[in-house]
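Undergrad: Handing you this structure, nothing more for now.
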Amino acid sequence: PLVGRAVRLAGAGWDRVLAGLPFDLAAAGSNLSASDLKNYNLLVAGIGRPRIEVFDDKNKFAGQEAVPGRPGQDPVLDWLGRNRREVADFVEKGGAVLVLPVQSAAELEWLPFELKLEPVKFFAAAPGDFFASGAIGPADLYYRRALELPVPAGLPAGSRSTRPAILARVPYGRGEFIFAQLHPKSISGNWAESKLARVLSTILTERGVADR
């Protein structure tokens, strides 16, 4: 795979989540040819519709709730299902897949291994061994108020994750699958958004994705 090249396979709902990141993430539709994966070193997958947290001046939720991807209804999930062998081969040869937040294990059935999700309440996470660079510390993963999220459980041997596993890496061949259960619009407020943008940017930087 070509170092520094990333492709984004995600529905329109993810545009707002990724727009503020200073990286070149080429957008691809569900007509992406699996053979084209050889031109990249990272596939960013956005399944379903992301939760966008916004509160109005009366502190009532005014954002967008997450909607899980469903077979036959979500083009990205269908593409991953059709091309599961090609995706696994891409990772085995040294590529990586960054999976943006999902709501259910059914959205992950295209993976070449079984991965369960379990609900966890947290307001802070320890970096653990997730970040190779050590660029993210406990303060970057502290969000003041408790959230409940589905996080990977029963991770395969050799995996690296935060504690709890809101972020996880699963090695596969010479590459890896990366799971991020938070994104910059997950938690309202500029302080939280900037922290989460830094976290996601660090993941992309560690994979060699080129800045704009």
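The values are calculated or read from the model by the stated rules, or taken from the named source; none is laboratory data. Given the structure is predicted, the values throughout are model-derived calculations rather than measurements. Quick reminder, even Gly has a Cβ in these numbers, built from the backbone with ideal geometry, and neighbours come from all protein chains shown. To get the accessible areas, we keep the full protein, side chains included, count just its heavy atoms, and leave off ligands, DNA and RNA. Shrake-Rupley method; radii C 1.70, N 1.55, O 1.52, S 1.80 Å.
Undergrad: With a 1.4 Å probe and every protein chain kept in, tell me what percent of the accessible surface of the chain is carbon plus sulfur.
TA: Working: 4900 of 9940 Å².
Carbon and sulfur together cover 49 percent of it.
Undergrad: Distance between Cα centroids, segment 165-210 to segment 22-64: provide it in whole Å.
TA: 12
Undergrad: Taking loop as defined by DSSP and a crowding limit of 10 other beta carbons within 10 Å, which trypsin sites (Lys or Arg not before Pro) in segment 42-145 fit? Numbers along the way, then the final one.
TA: Details: sites: Arg51, Lys58, Lys60, Arg82, Arg84, Arg85, Lys93, Lys116, Lys121, Arg144, Arg145; in loops: Arg51, Lys58, Lys60, Lys93.
Loop-located and lightly packed - Lys58, Lys60.
Undergrad: Give me the Kirkwood hydrodynamic radius of segment 1-92 in Å, from all C-alpha pairs, to one decimal place?
TA: On the way: mean 1/r = 0.0686 Å⁻¹.
Computed over segment 1-92, the radius equals 14.6 Å.
Undergrad: Determine the shape class of segment 152-212: with a ≥ b ≥ c the square roots of the Cα gyration tensor eigenvalues, call it rounded for a/c under 1.5, and otherwise prolate if a/b is greater than b/c, oblate otherwise.
TA: Values: a/c = 3.36, a/b = 1.40, b/c = 2.40.
Taking the square roots of the gyration eigenvalues as a ≥ b ≥ c, segment 152-212 is oblate.
Undergrad: Per residue, what volume in Å³ does the convex hull of the Cα atoms of segment 33-142 enclose? Walk me through the numbers on the way to the answer.
TA: Working: hull volume 17.6 nm³, N = 110.
Normalising the Cα hull of segment 33-142 by residue number yields 160 Å³.
Undergrad: Continuing with this model, one more query. Can you give me the distance in nm between label points at Phe55 and Ala210, each placed 7 Å from the Cα along the Cα-to-Cβ direction?
TA: About 4.2 nm, to one decimal.
Undergrad: Please go through segment 68-148 and write out the chymotrypsin sites (Phe, Trp or Tyr not before Pro) that DSSP classes as loop and that have at most 14 other C-beta atoms within 10 Å. Intermediate values should be presented prior to the final figure.
TA: Numbers: sites: Trp79, Phe90, Trp110, Phe113, Phe122, Phe123, Phe130, Phe131, Tyr142, Tyr143; in loops: Trp110, Phe113, Phe130, Phe131.
Here the chymotrypsin sites (Phe, Trp or Tyr not before Pro) that fit, given the DSSP loop and packing criteria, are Phe113.
Undergrad: How much net charge surrounds Pro184 when only the other residues with a Cβ under 11 Å from the Cβ of Pro184 are counted, with Lys and Arg +1 and Asp and Glu -1?
TA: +2
Undergrad: Using only the C-alpha atoms of segment 107-150, find the volume of their convex hull and express it per residue in Å³.
TA: Working: hull volume 4.6 nm³, N = 44.
Looking at segment 107-150, the number lands at 104 Å³ per residue.
Undergrad: Under 5 Å between amide hydrogens, which residues at least 5 positions from Ala126 or on another chain qualify, with H placed 1.01 Å from N in the peptide plane?
TA: Arg163
Undergrad: While we're on this one: Under a Cβ-only charge scheme (Lys and Arg +1, Asp and Glu -1), can you give me the dipole magnitude of the chain about the Cα centre, in debye to the nearest 20? Kindly include the intermediate steps, with their values, before the conclusion.
TA: Working: 26 positive and 23 negative charges, 47 e Å.
Magnitude of the dipole: close to 220 debye.
Undergrad: Per residue, what accessible area does the chain have, given a 1.4 Å probe and all protein chains present, in Å²? Numbers along the way, then the final one.
TA: Details: 9940 Å² over 212 residues.
Averaged over the residues of the chain, the accessible area is 47 Å².
Undergrad: Treating only the Cβ atoms of Lys and Arg (+1) and Asp and Glu (-1) as charged, compute the dipole magnitude of segment 69-112 about its Cα centre; round to the nearest 20 debye.
TA: Working: 5 positive and 7 negative charges, 9 e Å.
Roughly 40 debye for segment 69-112.
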